[in-house]
Amino acid sequence: MVAKKRKAKAKTITRVGRPNKMNSVNVREALIQAGVELLETTSLEEISLRKVAAKAGVSHVASYHHFENKHALFSAIAEIGFQKYFETYQKELEKTEQDFKGRYRALGWTYFQFIMNNRQFARIMFGGMGVESNLNPTLSSVSRRTYRQLHEIIRMGQNLGHLEKGQTREKTLASWAMIHGIAMLFLEGRLQMKNDINEMEKFIQTVTEYAYNGMKT
């Protein structure tokens, strides 16, 4: 009896250390994610597309298919930063009564907290570090949302009689300038953070109150 020959199974070779081939969308997302991760350990000035590509596991040449330079990458990262900021504000808002004062304070505290907890993000988003939002319609639109949120709160205060009516734009800019200025002073180390987070929040709330009191009826 002749034994049947067994067909030899083809061996599967597992490649180690080489990422799977990614499609165009995945490469772009991988580069953005790598850029975000690098922000945690590397200064903006030291970040380059070459470093980002290496961390993402793609070729340096491939990165230029998606981003003309690192500033284009920063614009994409800024978009993510704003999304993260709006999510943070929504969570803070849920802790308040969502009336005028609650919204006004929540926005001020969220803005300050976000900047201090995401310093590199903040330099790109609010400091305009190497980002030209006018060349990126999506980023330009999402960045203006921060202004629109505050503008709506100021208008709400006016309609409810908490704030003097008129010059809504000027009142919005004055409020924004005050909280942004305080945040930048802490970000640049000109003012020192308090160790107690509750004391820090109370301090920011007091600053916010000064802006609010100046606009009362």
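The values are calculated or read from the model by the stated rules, or taken from the named source; none is laboratory data. As the structure is a prediction and not an experimental result, all values here were calculated from the model. Quick reminder, even Gly has a Cβ in these numbers, built from the backbone with ideal geometry, and neighbours come from all protein chains shown. Protein only, heavy atoms only, side chains kept; ligands, DNA and RNA dropped before computing areas. Shrake-Rupley method; radii C 1.70, N 1.55, O 1.52, S 1.80 Å.
Things to note:
- Ranked packing of 119-125, 142-148, most packed first, by mean Cβ within 10 Å: 119-125, 142-148
- Of the trypsin sites (Lys or Arg not before Pro) found in the range 185-217, the ones in coil according to DSSP and having at most 14 other Cβ atoms within 10 Å of their Cβ are ARG190, LYS194.
- Of LYS70/LYS194; LYS55/LYS91; LYS84/LYS202; LYS51/LYS95, pairs whose Cα-Cα distance is over 29 Å: LYS70/LYS194; LYS55/LYS91; LYS51/LYS95
- The range 67-217 - accessible surface per residue (Å², probe 1.4 Å): 54
- The range 24-48 residues near the modelled THR138 label - backbone nitrogen below 18 Å, point 7 Å along Cα→Cβ: 24-37
- With all protein chains in place and a 1.4 Å probe, the accessible surface of the range 161-217 carries 52 percent carbon and sulfur.
- Contour minus Cα-Cα distance for MET184 and THR206 (0.36 nm per residue): 6.2 nm
- Annotation for the range 199-217 versus the range 139-180: alpha-carbon center distance of 15 Å.
- Ranked by the mean number of other Cβ atoms within 10 Å of their residues, highest first, the peptides 110-117, 61-68 fall in the order 110-117, 61-68.
- Stretch gain in nm, segment SER48-GLU97, where the contour uses 0.36 nm per residue and the Cα spacing is subtracted: 13.2 nm
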